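Notes to accompany the following structure.
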Amino acid sequence: MPEQRRILATAIPGPLSLERQVQRKAELANGLGTTMPVFIERAGGGILVDVDGNHIIDLASGIAVTSVGASHPAVTQRIAEQAARFTHTCFLVTEYDGFVDVAAALNRLTPGEHAKKTALFSTGAEAVENAIKIARTATGRTAVVVLGHAYHGRTSLTMAMTSKNAPYKQGFGPFAPDVHRVPSPYPYRWPSGPEKAAEEAFAALEEIVTTQLGATNVAAIVVEPIQGEGGFIVPPPGYLAKVQQFAHEHGIVFVADEIQTGLARTGAMFACDHEGVVPDLITTAKALAGGMPLAAVTGRAEIMDAVAAGGLGGTYAGNPVACAAALGALEVIESEDLVGRAREIEARVRPRLEAACGPDSVVGEVRGRGAMLALEFVRPGTTEPAPEVAKAVVERCHQEGVLTLQCGTYGNVIRLLPPLVIGFDLLDEAVDVLLDAIAAVGALETQA
């Protein structure tokens, strides 16, 4: 593991990263974006080390993937051992224990005490697509309902389910049919105020499903228990439970997309647990395999079994090396109580972030749960989105060796997703840098 301290050996990006950017531009498609233009050679704990020797504090975790760190021995050792035995057979051709063991762990950890079954895939978008396939087969219906501000992936079907146009959808249509959007209960931006968001958003969903779509035509309602790319939007209390109950009353499969929120990130094993909501199907990926590509759909056994043999799968689905990594990552999440650690991160960081809010601040709201926290940037004294302010804060953080990510439908949110194993000294230092950047950019905004 690299030394766990921030080191600025060069400007960021440094000369060696800049050299590599020239080759990147020549060799790679322009459509592949970059958040921080540095090339990493080592990573672990809460630190990324670039080719110039800069030690960067990681508040991104590869977008919530490396929750146990990027090189935890429990993961890397299992990867090496499995790779030495075999790297692939395709589970649909010849079987191996790792696939079954990961499924068993997810059946145990996901919400609810009912009988469950799991199918493994490679990416989050693939898991979401397969959840829709399963729901459509189980119900004999086709319509899918999603929320405004949702993000579910970049494939043809999941692009249709994703709300934000640029950069995810622009120019890529036409999209898959029979996907329908209902308002998201976004408390900070709900027109009649946050106290009415749950009731009014649910009423809109109920009206659209029953009168416009016909509930008997709807296969699934798919929700992120906390919306990720949309801006870390936490639904108001009671909303998810109302949607779940409505779905059950009408024979609709309730799908929780926990790809970003799942596996300890929010201070619960799954974000649904905060509300006591038990989904029919739940999708996982990202943190599941500690950096290896692995995803899953877990759900009620009778729904999962609706698809005939051969209807689910994929050449690389549940790759044995990825399964080995997942068993290591899940072991760490449980044995090191990373659920509790996420709560400690929130208790340590959130009050400091909230202190940056105020009527004259560029920070309009701090929100999130556990180690999934965000700041929404606005014009001081208004709720007008200020994406250029968020961008300026991110750029200052990057120059100071702290990796942060921008997100949100309006591009005006900074999200914090530190590895759950990050040292508190590093975390405190990263927040210092972030708050200094907010103060500096906010002063410039006020002067303007």
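Coordinate-derived values only; no laboratory data. Computed from a predicted structure; not experimentally measured. Cβ placement follows ideal geometry from the backbone for every residue including glycine, while neighbour counts extend to all protein chains displayed.
Assuming R0 = 41 Å, what is the FRET efficiency of residue 308 and residue 154, from their Cβ-Cβ distance, to the nearest 0.05?
With R0 = 41 Å, the Cβ-Cβ based efficiency is 0.90.
Is the C-alpha gyration tensor of the range 74-335 telling us rounded, prolate or oblate? Criteria: a/c under 1.5 is rounded; beyond that, a/b larger than b/c is prolate, otherwise oblate. Because a/c hits 1.5 or more and a/b exceeds b/c, the range 74-335 counts as prolate. Summing charges over neighbours of residue 341, with a neighbour being any other residue whose Cβ is under 11 Å away from its Cβ, gives -1 when K and R count +1 and D and E count -1. Is the C-alpha gyration tensor of the range 327-448 telling us rounded, prolate or oblate? Criteria: a/c under 1.5 is rounded; beyond that, a/b larger than b/c is prolate, otherwise oblate. Prolate. Of all lysines in the structure, those lying under 22 Å Cα to Cα from residue 196, and not within fewer than 8 positions of it along the same chain, are 242. With 0.36 nm allotted per residue and the present C-alpha distance subtracted, the residue 18-residue 97 stretch has 24.0 nm of extension available.
What does the charge count around residue 313 come to, taking other residues whose C-beta lies under 13 Å from its C-beta (Lys +1, Arg +1, Asp -1, Glu -1)? Intermediate values should be presented prior to the final figure.
Details: positive: 133; negative: 95, 126, 129.
Overall, the nearby charge balance is -2.
Given R₀ = 30 Å, what would the calculated FRET efficiency be for residue 32 paired with residue 391, taking r from the Cβ atoms and rounding to 0.05? The calculated FRET efficiency here is 0.95. Taking a sphere under 15 Å around the Cβ of residue 377 and counting the other residues whose Cβ falls inside, with K and R at +1 and D and E at -1, yields a net charge of -2. Separation of the range 224-282 and the range 156-173 by C-alpha centroid, Å? Cα centres, the range 224-282 to the range 156-173: 22 Å.
For the peptides 368-376, 22-30, the ranking by mean Cβ contacts within 10 Å, running from highest to lowest, is 368-376, 22-30. With the charge dipole of the chain set up from +1 on Lys and Arg Cβ and -1 on Asp and Glu Cβ about the Cα centre, the Cα lying farthest toward the positive end among the listed residues 321, 56, 179 is that of 179.
Applying a length cut-off of 20 Å (Cα extent along the axis) and a mean Kyte-Doolittle floor of 0.5 to the DSSP H helices of the chain leaves 320-335, 424-447. Note on residue 360 and residue 168: their simple-model spin labels are 3.8 nm apart, each label 7 Å out from Cα toward Cβ.
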